2 protein chains.
Amino acid sequence: MDERAALRLLEGTLSDAGDDAAVIDGHVLTTDMLHETTDFPDGTTRYTAGWRSVGASLSDVAAMGANAVASVAVYAAPEFDPDDLESFVAGASDVCESVGARYVGGDLDTFEEFTASTTVLGETDDPVLRSGAKPGDALCVTGTLGRSGAALRLFEAGEIERANELFRFEPRVAAGRALAPFATAMMDSSDGLARSVHQLAEASECGFELDGESIPVAESVREVATDADDERDLSLFFGEDFELVFTVPKATVEDAREASPTPISVVGSVTEDGIQLDDEALPDRGYTHGE
Amino acid sequence: MDERAALRLLEGTLSDAGDDAAVIDGHVLTTDMLHETTDFPDGTTRYTAGWRSVGASLSDVAAMGANAVASVAVYAAPEFDPDDLESFVAGASDVCESVGARYVGGDLDTFEEFTASTTVLGETDDPVLRSGAKPGDALCVTGTLGRSGAALRLFEAGEIERANELFRFEPRVAAGRALAPFATAMMDSSDGLARSVHQLAEASECGFELDGESIPVAESVREVATDADDERDLSLFFGEDFELVFTVPKATVEDAREASPTPISVVGSVTEDGIQLDDEALPDRGYTHGE
């Protein structure tokens with residue numbers, strides 16, 4: 001059984017599972033695990049690893065339209081180098097501070113591979129789920145896409161400092177809060193725009209029509225892409241960008257744009273069924289951890 | 001740098017770290033990671049693994065005297081067998097239910113070794129820290145000690161069913177809540193009574209005098225121990241029992257005993273300094289994960 005089939009199985013078992021974060025009595029709780037071999041390319045600093053792993057969980061809280069309160073993490077490694085550990089904690093603390101949350105510690109674990117397991121606690125009385133998109137709504141994304149894919153190319157090319165910088169994304173907590181009153185459905189783009197749209201379609205029982213021209217491709221993607229197909233792959237399928245993918249009634253797009261501290265782009269609209277990009281079927285393909 | 005030195009380093013960096021769980025605005029947050037090779041002996045069922053890993057985090061919340069609200073976990077494994085996964089979730093859900101909390105899901109991760117990373121959210125306006133023990137207070141523990149050490153022997157001996165049963169401990173959330181108004185300091189015995197006492201002494205800047213005769217040794221330890229020294233090792237040093245170790249003013253011992261749904265034993269008292277068992281120095285030795 002692959003990871004997605006297993007997730008579907010769990011959704012059937014656990015009434016609160018299946019969205020970016022679990023919701024319980026006004027609390028939002030989310031957890032992720034990242035590993036050196038699959039998630040941190042050679043050259044990723046421990047500061048970036050701390051930022052990015054806690055950031056991934058903050059992004060899940062953002063995707064619920066919730067406020068981020070606090071984070072804890074387990075830092076697992078074969079040995080505990082004081083500089084590495086302090087760098088990780090500094091990255092974790094700084095990304096929390098950037099969204100008004102607090103990194104409050106966690107646990108250490110001796111383990112053969114550097115692994116970070118992160119948890120973020122958020123709060124909201126009115127979570128935005130994946131399931132509320134309605135035909136006619138506009139499909140939007142925050143920021144630009146493809147930044148993490150570009151970073152990976154730069155790691156491979158040895159441009160380590162710039163790659164680390166791109167890897168330290170800004171979790172969209174403030175945007176998520178600002179967009180929550182408008183959004184009918186929301187999630188983050190951690191598996192790529194294409195897969196996110198498929199997941200929203202499944203949860204909302206709707207379709208989508210995307211306009212390729214309007215997809216906001218990161219400048220860094222244009223720098224590294226070999227051709228137009230490659231650019232499209234990095235921005236549509238690679239994922240790990242942690243932007244918000246959401247739907248709003250068309251009449252409120254301008255209000256949502258004004259409310260959001262992060263620029264938003266309208267990239268398509270909600271339909272009854274089918275998922276199309278420029279009138280062609282958009283494959284349900286993306287980045288799956290550990291593959 | 002070993003795990004304990006690293007933890008001390010972090011305590012200096014993070015103002016909220018250093019207790020069984022982090023405390024933020026009435027919330028209590030704690031996280032742990034357990035691995036197949038170091039934490040789940042051959043024969044441990046996935047149901048037991050789910051119970052035990054979430055239970056370990058519930059125990060941290062109990063040790064703060066907090067109410068347990070909800071839990072999430074990352075289930076990481078090389079492949080996702082539906083039966084394994086459902087068993088894990090059932091164990092995680094059941095241990096939550098046993099303490100009035102809810103298991104609300106989490107994440108899956110493809111990883112070479114079965115690993116569970118768990119988080120529990122709790123609530124309290126008045127957390128019990130490790131730092132409030134005062135000379136003259138009584139040193140107490142809930143339940144009995146050595147059960148996990150005994151379970152390990154039974155796993156080795158192939159008595160798998162009984163070993164699994166012993167491995168599924170009852171997190172002392174209700175006892176922690178009941179004892180909170182009395183306790184001056186509290187933690188759980190996850191590293192063994194000896195190490196717990198050393199940690200309480202460090203946090204409270206005090207000493208302890210323990211009475212060997214009064215230490216409540218689990219019946220299962222008497223079944224498996226080879227001799228008196230072995231019995232002492234299993235009950236004092238092995239740890240992983242997740243009982244509460246706490247101090248209360250001597251005058252309130254009987255009130256605390258009456259309030260607690262779990263039997264408590266007075267095993268010694270708080271002194272100015274030094275840590276002694278039956279007038280001999282008690283070594284700071286215990287079970288360290290991954291060693």
- line: Counting only residues that are farther than 19 Å from A:THR226 by Cα, of a type outside the set (S, T, N, Q) and more than 14 Å from the chain's Cα centre (by Cα), region A:144-173 contains a total of 3
- request: Filter region B:76-101 for residues that are modelled with pLDDT of 95 or more and aromatic (Phe, Trp, Tyr) and give the result.
  value: B:PHE88
query: Mind checking which pairs have a first residue in region A:82-107 that is more than 8 Å from every other protein chain (Cβ to nearest Cβ) and a second that is part of a loop (DSSP other than H, G, I, E, B) and not charged (D, E, K, R), Cβ under 7 Å, 6 or more apart or different chains?
result: A:SER87/A:THR45; A:VAL95/A:PRO171; A:VAL99/A:PRO171
The listed residue being outside the structural domain of A:ASN164 (by TED's automatic domain parsing), small (Gly, Ala, Ser), modelled with pLDDT under 95 and part of a helix (DSSP H, G or I), out of A:GLY55, A:GLY12: A:GLY12
message: Out of the strands (runs of 3 or more DSSP E) lying entirely within region B:100-194, which hold 1 or more residues that are more than 30 Å from A:ASP20 (Cα to Cα)?
response: B:138-142, B:185-188
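One line per residue, one yes/no per condition, for (1) among the small types (Gly, Ala, Ser); (2) in contact with a Pro (Cβ under 7 Å, 6 or more places away or on another chain); (3) farther than 30 Å from A:GLU272 by Cα; (4) surrounded by fewer than 22 Cβ atoms within 10 Å (Cβ to Cβ):
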residue	(1), (2), (3), (4)
A:LYS134	no, no, no, yes
A:ASP137	no, yes, no, no
A:VAL141	no, yes, no, no
A:LEU145	no, yes, no, no
A:ALA150	yes, no, yes, no
- request: Might you let me know whether region B:231-245 holds any residue that is within 30 Å of A:ASP107 (Cβ to Cβ), at pLDDT below 95, hydroxyl-bearing (Ser, Thr, Tyr) and not in a loop (DSSP other than H, G, I, E, B)?
  value: yes
field: Flag for A:GLY106 being surrounded by fewer than 21 Cβ atoms within 10 Å (Cβ to Cβ), touching a helix residue (DSSP H, G or I) at 6+ places or on another chain (Cβ under 9 Å) and either of a type in the set (Phe, Trp, Tyr) or not assigned by TED's automatic domain parsing to the domain that holds A:VAL248 (or both)
entry: no
message: Among the residues in region B:45-52, are any among the aliphatic types (A, V, I, L, M) and crowded, with 24+ Cβ neighbours inside 10 Å?
response: yes
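Conditions (1) among the hydrophobic types (A, V, I, L, M, F, W, C); (2) facing chain B (nearest Cβ under 10 Å), marked per residue:
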| position | (1), (2) |
| --- | --- |
| A:LEU7 | yes, yes |
| A:ALA21 | yes, yes |
| A:PRO41 | no, no |
| A:SER53 | no, no |
| A:GLU79 | no, yes |
| A:ASP109 | no, yes |
message: Condition first: touching a helix residue (DSSP H, G or I) at 6+ places or on another chain (Cβ under 8 Å), within 26 Å of B:VAL74 (Cβ to Cβ) and without any contact (Cβ under 8 Å) to a residue 60 or more places away in the chain. Can you find one or more residues in region A:162-184 that meet it?
response: yes
field: Single condition A:THR226 does not satisfy, out of (1) in contact (Cβ under 8 Å) with a residue 12 or more places away in the chain; (2) in the same structural domain as A:ARG195 (by TED's automatic domain parsing)
entry: (1)
query: Consider B:ALA116 against the criteria (1) at the interface with chain A (Cβ under 9 Å from one of its Cβ atoms); (2) modelled with pLDDT of 95 or more; (3) surrounded by 24 or more Cβ atoms within 10 Å (Cβ to Cβ); (4) closer than 17 Å to B:TRP51 by Cβ: it satisfies all of them except one. Which criterion is unmet?
result: (1)
message: Given the condition touching a helix residue (DSSP H, G or I) at 6+ places or on another chain (Cβ under 9 Å), on the phi < 0 side of the Ramachandran plot and assigned to a strand (DSSP E or B), answer yes or no: does some residue in region A:214-230 qualify?
response: yes
- line: Reported set for region B:62-77 where residues are within 11 Å of another protein chain (Cβ to nearest Cβ) and either closer than 30 Å to B:LEU179 by Cβ or touching a Gly at 6+ places or on another chain (Cβ under 8 Å) (or both) is B:VAL69, B:ALA70, B:SER71, B:VAL72, B:ALA73, B:VAL74, B:TYR75
- request: Would you mind stating whether A:THR142 is among the hydroxyl-bearing types (Ser, Thr, Tyr) and farther than 20 Å from A:VAL245 by Cβ?
  value: no
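The values are calculated or read from the model by the stated rules, or taken from the named source; none is laboratory data. Keep in mind the model is a prediction, meaning the values are calculated, not measured. Because the Cβ atoms are built from the backbone with ideal geometry, glycine has one as well, and the counts that use them run over all protein chains shown.
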